[in-house]
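Engineer: Could you have a look at this structure, given as C-alpha cells, before my questions?
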Amino acid sequence: VTNSESLAPGERAALGALLERMFPADARGPGASAIGAADYIVAALAGAYAAHLPDYRAVLAALDAAARETSNAAFAESPAEQQDQIIAAWESGKLDQPDAPLCRHFERIWRHLREGLFCDPEHDGNRDLAGWRLIGFPGAQHGYEAAEQALDANVLREPLARARRREPRRAPATLIGSAPAEGTDVCIVGAGLAGMAAAWVFAEAGLSVLVLEAGPARTGKERVLDELAGTSVRNDGGAAKYNHEAPTWRRNAAESAQKLAFPQGLENGLGGNTVPWGAVAHRFHAGDFRARSETVERYGAQTLPGDSLLCDWSVDYDAMEPWYAIAERVLGVSGQEGNLQGRAIAGGNPFDAPRRDPYPMPALRTSGLGALFGQAAAAAGLHPFPLPAAIATQELRERGACTYCSFCSRFGCHVDAKASVQNTLLGRALATGRVAIRADSEVTRVATDDRGRAIGVDVRTADGRTTFQPAGRVVLAAYTFEVVRLMRLSAGAQHPDGLGNRTGMLGVGYMTRQQPSVYAHFPGRRLNRFIGPTAQAMAVDDFNADHFDHTGLGFLRGGRIACFNQYLPIEASGILPPGVPRWGAAWRDWVLAAYHATAMLFIDPEILPYRANRLDLDPNHAARDGRPLLRITFDIGDNERRMIAFLQERARMIAERMGAARIWARPPLTGPISTHDVGGARMGRDPATSVTDDCGRVHDTPNLMVLGGALFPTLPGLNPALTILALALRAAAGVAGLEATAVASAARR
Ligand SMILES: Cc1cc2nc3c(=O)[nH]c(=O)nc-3n(C[C@H](O)[C@H](O)[C@H](O)COP(=O)(O)OP(=O)(O)OC[C@H]3O[C@@H](n4cnc5c(N)ncnc54)[C@H](O)[C@@H]3O)c2cc1C
Ligand code: SF4
C-alpha cells in the first residue's frame with residue numbers, strides 16, 4: 001500500500017481526532033483512539049473499504065478547512081469544543097458543497113467507527129478487547145449455559161477473541177458430485193434452499209440433475225463467531241455477486257429508482273441464503289392460504305383495498321401439510337406443538353393449523369427475557385409460544401445441538417445446529433448419485449426454441465467464458481430477484497416481453513417484509529441478549545392474519561410479534577431512541593447503559609400484494625457486465641400503514657407490561673431490506689392473473705419451472721423459507737410423478 005492508496009499522516013491525525021470526539025474516553029474507560037478504531041479504519045481503507053477512501057479524504061479535508069477558518073489550526077490540533085462544533089456542522093450538512101454532499105458520508109463513517117470499536121481484534125480494531133470490555137460483551141464464546149440467560153444474571157466470562165484459524169474458504173472443488181451426464185434431464189439454477197430441495201427430489205425420481213450456482217462452493221462455516229465478517233459488505237465470498245447486482249428501488253412509477261445504499265445481506269454461494277438465515281421455520285396458518293375468501297366471508301368484498309391483488313392460494317393447507325412435515329424432518333425443526341391432529345397443546349401456538357406429527361425436536365429453551373415477554377403477554381390475555389426453528393436442540397446425524405452462541409442470523413453455525421443446505425439437503429442429493437453441482441457458474445439467460453420451449457441455459461464461468469448447457473427441463477431457483485430478472489433478460493421471438501409474461505404478470509405483485517420493530521429499554525437490567533440465536537424467541541400470533549376482529553379498525557390482516565435474542569455490539573451500538581445523538585459523550589453514555597438493557601419486539605407484518613408493486617429491468621442502471629439491474633417499484637399501502645401502527649401499539653403495550661421505561665418504534669416503511677422478497681412470478685390456476693401453475697410450471701414456456709418465494713401470491717405475517725421448501729418439494733415431486741409418501745420415506749433415510 002502506497003501513501004496515495006491510504007491516508008496521509010495529516011489525514012490520519014484528523015481521523016484520530018474525529019473518532020475520539022465521536023466516542024470520547026471518560027472515567028469508565030478508553031475512547032476510540034485507545035480502542036484502535038482509527039487503526040481499524042486505516043487498515044480497512046487500504047483493503048476492503050478502498051472504494052471509500054476518496055469520501056474519507058473529502059470529509060477530513062473539509063474538517064481541516066473548517067478548523068483553519070476559525071482558529072488557523074488543523075482539526076486535530078483544535079480545541080475539543082471547536083472540534084465538536086465542526087462535527088455537528090458536518091453531520092447537519094453545513095459543510096456540504098454543491099458538488100460534495102459530505103453529510104451523506106456520516107452514516108457510513110459512523111458505522112465504520114462502530115466496527116473499529118467492537119469488531120473481533122482479528123480485523124485490527126477493538127485493541128486488547130477494550131471495546132468489548134467497556135460494554136461487557138464476552139466476545140466469540142462457543143456457547144452459554146441456561147443459567148447465564150436468566151434475567152439479571154451477571155455473566156462473568158473473560159472476553160474471548162475468535163481463534164485466528166479460519167475454516168477453509170471454499171469446499172475443495174467447483175464441481176461437486178457425479179460428473180454431469182451429456183443429456184441432463186433437469187438443469188437447476190441456484191444451489192440454495194429451493195434449488196437443492198428440487199435437485200434431491202428429481203434425483204430420487206431417477207432423473208439426472210445439474211445444479212448451476214453463481215457463487216462459490218463453500219462449507220458454510222467461513223464466517224462463524226465474527227460479527228464483522230457477517231456483514232454483507234465484508235462478506236467477500238458470499239455476497240460479491242449480489243452486492244454488485246443489488247436491485248434499484250423507487251416507491252412509485254413517478255420516481256427514478258436509486259441503488260440501495262446498504263444491500264440486504266443476501267448471499268450467493270452453495271447453500272444460498274440458508275447459510276446466513278435466522279432459521280425461524282414457521283408453517284403458514286390455514287387461513288393464510290385463503291386470505292381473500294376469509295376476508296370476504298367475514299367483512300364483505302367491499303373491505304378489500306381496491307388496488308390490491310389479495311387472493312387465495314391455488315393450494316390449501318391440507319395439500320401442504322405432508323410437505324411441511326417432510327420439510328421439517330429434512331431441516332430438523334425444533335418447536336412446541338400447539339395443534340397436534342386437531343388437539344390443542346398447552347404452551348404451543350393456539351393459532352397453528354393442525355399438524356399430523358410432532359416437531360422432530362423439542363423447542364429451543366426459553367431465555368429469561370423470553371419468559372418476561374411470555375408473562376407480560378399472557379397477563380394481557382394473549383397466547384405466547386416459542387418460535388419453531390430449523391435449529392437442532394439435540395444432536396442430529398452429523399449436526400451438534402445449539403450452544404446458544406448468538407452468532408446466528410447472518411452467520412454460519414460453528415456446530416451445524418442451524419440447518420443449511422450443506423448440512424441437510426446436500427448430502428441427501430449427492431447420495432442419489434444423480435446430482436452434480438457446478439459452482440462459480442452464473443446463468444445469464446434461459447434459451448428457448450422456435451416453439452417457445454426452454455431448452456437450456458447460457459452459463460458464464462469464473463474465467464469469463466459463456467457456454468450453452470442443454471437440458472430437458474430448466475428450473476429457476478435463484479431467489480426472487482434473479483428469477484424475475486433472468487425471465488426478463490431471456491426475452492426472444494416467442495416471448496418478446498420476457499418468459500412467463502404473455503399476460504403481463506411477470507414481476508407483478510412483488511412484496512417485501514417491513515421491519516417496524518419496537519425497542520424497549522429497561523434501565524439497570526441485564527437482559528443478556530448477547531446470548532442465544534434470534535430464533536430463540538417467544539412470540540404471539542393473536543394479532544396476525546384474521547385471528548382477531550378487524551371490524552372498525554380500517555385494515556385487513558396483521559402480523560406476528562416476537563421478542564428476539566442475538567444482540568451483537570456493532571449492530572446494537574447503532575440502535576438509538578429518538579433524541580440520543582450518533583456521537584459524543586451522550587452517545588457513549590447510551591451505548592454503555594443500553595447494551596445489556598435493550599429488548600426488541602420484532603414485528604412481521606403481512607404485506608398485501610398490489611398491482612403497482614412490481615419488478616422489472618432498470619433502463620438507467622446496469623451491472624458490471626452491462627446487463628440491466630432489476631428495478632423494484634414498491635411502497636406499502638394505507639392498509640399496511642394502519643396495520644403497522646396497530647401492531648406497534650400492541651407491542652408497546654406488551655413492553656410496558658414487561659416494565660420497560662422507554663419504548664420507541666422504527667418507521668412503518670423500512671424499504672426493500674428484509675430478505676423476505678416474494679411474488680413476481682405468482683402461482684395460480686389462471687394464466688391471466690398468474691405466471692406459473694402450483695407446481696411452478698411457467699404457463700407460457702413449456703419445460704421451464706420457477707421455485708422459491710417468487711411464486712407466492714401473498715406474504716403472510718410469518719417467515720417464508722419453510723413454505724418455500726415445502727412448495728419446492730411438492731412441485732418437484734408433482735412434476736416428476738412422486739407421491740408425498742415416497743418423498744417422506746426417502747426423508748426418513
Ligand atoms: C440474514 C438472513 C436471515 C434470514 N432469516 C430467515 C428466517 O429466520 N426464516 C426464514 O423463513 N427465512 C429467512 N431468511 C430468508 C431465507 O433465507 C430465504 O427465503 C431462502 O433462502 C430463499 O430460498 P431460495 O432457494 O429461494 O433462495 P436462496 O437460498 O437465496 O438460493 C438462491 C441461489 O441462487 C443463486 N443464484 C442467484 N443468481 C444466480 C444465477 N444467475 N445463476 C446461478 N445461480 C444463481 C444464489 O447464489 C443462491 O445460492 C433469511 C435470509 C437472510 C439473508
Ligand atoms: S444455531 Fe445459532 S446460536 Fe445455536 S450454535 Fe448455531 S449459530 Fe450458535
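The values are calculated or read from the model by the stated rules, or taken from the named source; none is laboratory data. Quantities reported herein were computed from a predicted structural model and do not represent experimental measurements. Methodologically, a virtual Cβ is constructed for each residue, glycine included, from the backbone with ideal geometry; neighbour enumeration extends over all protein chains shown.
Engineer: Filtering region 328-366 down to residues that are under 20 Å from Leu729 (Cβ atoms) and hydroxyl-bearing (Ser, Thr, Tyr), which residue is surrounded by the most Cβ atoms within 10 Å (Cβ to Cβ)?
Structural biologist: Ser334
Engineer: Still on this model: Output the residue which, of all residues in region 400-422 that are aliphatic (A, V, I, L, M) and near ligand 2 (Cβ under 6 Å from one of its atoms), is farthest from Pro388 (Cα to Cα).
Structural biologist: In this case the residue turns out to be Val415.
Engineer: State yes or no: is Glu167 assigned to a loop (DSSP other than H, G, I, E, B), modelled with pLDDT under 90 and more than 27 Å from the chain's Cα centre (by Cα)?
Structural biologist: Criteria not met by Glu167.
Engineer: Which condition from (1) within 25 Å of Leu568 (Cα to Cα); (2) more than 16 Å from ligand 1 (Cβ to nearest atom); (3) in a loop (DSSP other than H, G, I, E, B) is the one that Arg410 breaks?
Structural biologist: (2)
Engineer: Another question about this same structure. For region 423-430, does any single residue satisfy the condition of being surrounded by 18 or more Cβ atoms within 10 Å (Cβ to Cβ), modelled with pLDDT of 95 or more and within 16 Å of ligand 2 (Cβ to nearest atom)?
Structural biologist: So in region 423-430, the residues surrounded by 18 or more Cβ atoms within 10 Å (Cβ to Cβ) come out as 423-426, 428-430.
After this cut, where a residue has to be modelled with pLDDT of 95 or more as well, the list is 423-426, 428-430.
Within this subset, residues satisfying the condition of being within 16 Å of ligand 2 (Cβ to nearest atom) are 423-424.
Looking for residues that are surrounded by 18 or more Cβ atoms within 10 Å (Cβ to Cβ), modelled with pLDDT of 95 or more and within 16 Å of ligand 2 (Cβ to nearest atom), one finds at least one in region 423-430, hence yes.
Yes/no matrix, rows are residues, columns are (1) under 30 Å from Arg485 (Cβ atoms); (2) in contact with a helix residue (DSSP H, G or I) (Cβ under 9 Å, 6 or more places away or on another chain):
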| residue | (1), (2) |
| --- | --- |
| Asp546 | no, yes |
| Ile575 | no, yes |
| Val580 | no, yes |
| Ala594 | no, yes |
| Ala599 | no, yes |
| Pro609 | yes, no |
| Leu617 | yes, yes |
| Ala622 | yes, no |
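Engineer: Shifting gears a bit: Going by what's in this entry, would Arg730 be described as touching a Cys at 6+ places or on another chain (Cβ under 9 Å) and not in a loop (DSSP other than H, G, I, E, B)?
Structural biologist: Here the answer is yes, as Arg730 does meet what is asked.
Engineer: Next up: Could we say that Leu266 is modelled with pLDDT under 95, within 14 Å of ligand 1 (Cβ to nearest atom), buried (at least 19 other Cβ atoms within 10 Å of the Cβ) and hydrophobic (A, V, I, L, M, F, W, C) here?
Structural biologist: Considered against the rule, which asks whether it is modelled with pLDDT under 95, within 14 Å of ligand 1 (Cβ to nearest atom), buried (at least 19 other Cβ atoms within 10 Å of the Cβ) and hydrophobic (A, V, I, L, M, F, W, C), Leu266 comes out as yes.
Engineer: Additional query: Let me spell it out: the conditions are (1) under 20 Å from Leu486 (Cα atoms); (2) under 27 Å from the mean Cα position of the chain (by Cα); (3) outside any helix (DSSP H, G or I), and Thr701 meets all of them except one. Which number is the exception?
Structural biologist: Checking Thr701 against (1) under 20 Å from Leu486 (Cα atoms); (2) under 27 Å from the mean Cα position of the chain (by Cα); (3) outside any helix (DSSP H, G or I), the one that fails is (2).
Engineer: Right, something else. Would you check which residues across region 15-67 are modelled with pLDDT under 95 and not in a helix (DSSP H, G or I) and list them?
Structural biologist: Of everything in region 15-67, those that are modelled with pLDDT under 95 and not in a helix (DSSP H, G or I) turn out to be Ala46, Gly47, Ala48, Tyr49.
Engineer: Shifting gears a bit: Outside any helix (DSSP H, G or I) and either at pLDDT below 95 or closer than 30 Å to Asp185 by Cβ (or both), is that true of Leu718? Before you say what the answer is, go through the steps one by one.
Structural biologist: Working: outside any helix (DSSP H, G or I): yes; either at pLDDT below 95 or closer than 30 Å to Asp185 by Cβ (or both): no.
Taking the combined requirement at face value, the residue does not satisfy it.
Quick grid of which residues meet (1) charged (D, E, K, R); (2) over 26 Å from Phe137 (Cβ atoms):
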| site | (1), (2) |
| --- | --- |
| Gly584 | no, no |
| Arg588 | yes, no |
| Ala593 | no, no |
| Met600 | no, no |
| Asp604 | yes, yes |
| Pro609 | no, yes |
| Asn613 | no, yes |
| Asn620 | no, yes |
| Asp625 | yes, yes |
